[in-house]
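Inspection log for the structure reproduced underneath, given as structure tokens.
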Amino acid sequence: MADKKEILEQLNTLEDALNATLTQVSAIRQSLDDSQKENATLRMELEKVREHLAELEKHEIEEKTESSDEPNPTLINIFNEGFHVCHLHYAERLDEGESCLDCLELLYR
Ligand SMILES: [Zn+2]
């Protein structure tokens, strides 16, 4: 049987390694979460620019394009992926199973 002290040392080494790995996992998770949030924000900003551009083009050619009363598919996607699209919680993550009246109001008014 191996020396007790040796086993304890091995356990300590293993524990340190596991803790370091856990810290890494948390950091990666956090950075993934940040990226997803940033991604949602950028897509919403892009959608605003698109809408604005479409608005400008509409005026330019003086022609009626599709009704703006239609729910915006990009925003619906972002909302379905679990991010707020409302102004109050802009691009924040929705909790599991959480819904938001402000978002729904904005999407389906
Ligand atoms: Zn919301």
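The values are calculated or read from the model by the stated rules, or taken from the named source; none is laboratory data. These numbers come from a predicted model, not from an experiment. Neighbour counts run over all protein chains shown; Cβ positions are idealised from the backbone, glycine included.
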(request) Working only within segment 91-103, note down all residues that are within 17 Å of the chain's Cα centre (by Cα) and near the ligand (Cβ under 8 Å from one of its atoms). (result) Glu92, Leu94, Cys100, Cys103
(message) With touching a Ser or Thr at 6+ places or on another chain (Cβ under 8 Å) and either surrounded by fewer than 13 Cβ atoms within 10 Å (Cβ to Cβ) or modelled with pLDDT under 90 (or both) as the only criterion, which of Lys58, Lys64 stands out?
(response) Lys58
(message) I need a count of the residues in segment 21-56 that are touching a residue at least 40 places away in the same chain (Cβ under 8 Å), under 19 Å from Pro73 (Cβ atoms) and not polar (S, T, N, Q).
(response) 2
